[in-house]
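Just below is one structure, and these are the notes that go with it.
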Amino acid sequence: FLTQLEDCLGTALDRGVRIVANAGGLNPAGLADAVRGLADRLGLSVAVAHVEGDDLLGRADELGFPGTLAANAYLGAWGIADCLTAGADVVVTGRVTDASVIVGPAAAHHGWGRTDYDRLAGAIAAGHIIECGAQATGGNFAFFTEIPDLTHPGFPLAEIHSDGSSVITKHPGTGGAVTVDTVTAQLLYEITGARYANPDATLRVDTIDLSG
């Protein structure tokens, strides 16, 4: 993560882009300190925040996991949203849901509250679509032989609107494809039914409208 961040941090700051990553593992505070050290070495002024609270090792016996080496809960989006609202340029987390790194920035940007369930569910859908990168641009599509240049697929982007709807796209000039079919294939990935439960809202997958 730090190597990738070193390559893009200055450019991101210049363009007003803020970075959220669930790369903190078992020590998000340590990663936040490492990011601050990287920023100092690069001569950049960066506000770095981290989200904690996922570590449940101290409650492992109570939760029925005696002797375990690690016990972590999936957190939702609000720690991320709070960090961004407070002015963080970079936010690192430990264990959060895959969609939370998308929902948190959307909630902070649009000023959503914790009971804006329809909007949050829409952002969960967007996050679920792009959470596995190139899976949404053809990598998780059964008819992958129909996708052009799948050797170098572009990574998907989610443009999330204030009502929770979104446009899924990718950078121009990249391989792969974003179609109703590729997005549908990814929407059905790793869900157990029509109700996809997340910490902040439950996404009703059977109510989603897709158009290309």
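The values are calculated or read from the model by the stated rules, or taken from the named source; none is laboratory data. Here the structure is a predicted model, which means the values were calculated and not measured. Using ideal geometry, Cβ is built from the backbone for each residue, glycine included, and neighbour counts are taken over all protein chains shown. Side chains are part of the model used for accessible areas, which takes the heavy atoms of the whole protein and leaves out ligands, DNA and RNA. Shrake-Rupley method; radii C 1.70, N 1.55, O 1.52, S 1.80 Å.
Just a few scattered comments:
- Cβ-Cβ distances below 9 Å connect the following pairs, each with a first residue in the stretch 75-102 that is without any contact (Cβ under 8 Å) to a residue 24 or more places away in the chain, a second residue that is of a type outside the set (D, E, K, R) and surrounded by fewer than 21 Cβ atoms within 10 Å (Cβ to Cβ), and a separation of six or more residues or different chains: Thr85/Gly111.
- In the stretch 8-21, the residues that are over 20 Å from the mean Cα position of the chain (by Cα) and surrounded by 10 or more Cβ atoms within 10 Å (Cβ to Cβ): Gly10
- Any hit, the stretch 113-123, residues being basic (Lys, Arg), outside any loop (DSSP other than H, G, I, E, B) and over 15 Å from Ile19 (Cα atoms): yes
- Lone qualifier among Ala12, Ala39, Ala60, Ala21 - being small (Gly, Ala, Ser) and within 18 Å of Trp78 (Cα to Cα): Ala21
- Residue identified as within 28 Å of Ala29 (Cβ to Cβ), in contact with a Gly (Cβ under 6 Å, 6 or more places away or on another chain) and either open to solvent by less than 40 Å² (accessible area, probe 1.4 Å) or of a type in the set (D, E, K, R) (or both) among Ala99, Ala108: Ala99
- Lone unmet requirement of (1) open to solvent by 60 Å² or more (accessible area, probe 1.4 Å); (2) touching a Gly at 6+ places or on another chain (Cβ under 7 Å); (3) within 17 Å of Tyr196 (Cβ to Cβ) for Phe155: (3)
- Hits in the stretch 49-76 - residues which are open to solvent by less than 60 Å² (accessible area, probe 1.4 Å), among the hydrophobic types (A, V, I, L, M, F, W, C) and part of a loop (DSSP other than H, G, I, E, B): Leu56, Ala60, Ala70, Ala71, Ala73
- Failed item, numbered, when Gly25 is tested on (1) among the small types (Gly, Ala, Ser); (2) open to solvent by less than 50 Å² (accessible area, probe 1.4 Å); (3) modelled with pLDDT of 95 or more: (3)
- Taking the numbered list (1) in a helix (DSSP H, G or I); (2) open to solvent by 40 Å² or more (accessible area, probe 1.4 Å) in turn, Ser45 passes all entries but (1).
- Residue list for the stretch 133-151, restricted to those being surrounded by fewer than 16 Cβ atoms within 10 Å (Cβ to Cβ) and in contact (Cβ under 8 Å) with a residue 24 or more places away in the chain: Ala142, Phe143, Pro148, Asp149, Thr151
- Those residues of the stretch 175-206 which are part of a strand (DSSP E or B), open to solvent by less than 50 Å² (accessible area, probe 1.4 Å) and either touching a Lys or Arg at 6+ places or on another chain (Cβ under 7 Å) or over 11 Å from Ala121 (Cβ atoms) (or both), in sequence order: Gly175
- Unique residue being free of Cβ contacts under 8 Å to residues at least 12 places away in the same chain and aliphatic (A, V, I, L, M) when the list is Leu44, Leu38, Leu63: Leu63
- Among residues of the stretch 158-173, those that are open to solvent by 50 Å² or more (accessible area, probe 1.4 Å) and more than 20 Å from Arg119 (Cα to Cα), counted: 3
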